[in-house]
Amino acid sequence: MVFVRKVKRKSKKYFVLVHSIRTGKKIIQKSRYIGKELPSKRKLDLLKDEFLEEIKTPIIKKSRRIEEIRRKIIPILKKYK
């Protein structure tokens, strides 16, 4: 779930999109800067969708890469068992 967080740095306010991801027992928060002003509801929904796609893409690529490696390693491991 993506949500908007207001961040205050040196007496200036900024808005950031935040998404929490669980990896094992740890929770990692990914964030993306929006701007000094909160965009309209329509623009905010588009930014949230883009942010989610950006986050999910590396996970899919990693799982494909793991499957490629697994296909290569399993025959080798069976050979030397």
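The values are calculated or read from the model by the stated rules, or taken from the named source; none is laboratory data. Because the structure is a prediction, the values reported are computed rather than measured. Using ideal geometry, Cβ is built from the backbone for each residue, glycine included, and neighbour counts are taken over all protein chains shown. The area values use the complete protein model at the heavy-atom level, side chains included, leaving out ligands, DNA and RNA. Shrake-Rupley method; radii C 1.70, N 1.55, O 1.52, S 1.80 Å.
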Considering only residues of the stretch 8-33 that are modelled with pLDDT of 90 or more and aliphatic (A, V, I, L, M), which is nearest to the chain's Cα centre (by Cα)? 18
Residue 55 at pLDDT below 85, among the hydrophobic types (A, V, I, L, M, F, W, C) and either surrounded by 10 or more Cβ atoms within 10 Å (Cβ to Cβ) or assigned to a helix (DSSP H, G or I) (or both): yes
For the stretch 1-38 the number of residues that are touching a residue at least 24 places away in the same chain (Cβ under 8 Å), open to solvent by less than 100 Å² (accessible area, probe 1.4 Å) and in a loop (DSSP other than H, G, I, E, B) is 1
By residue number, the members of the stretch 3-15 that are over 13 Å from residue 37 (Cβ atoms) and hydrophobic (A, V, I, L, M, F, W, C) are 3, 7
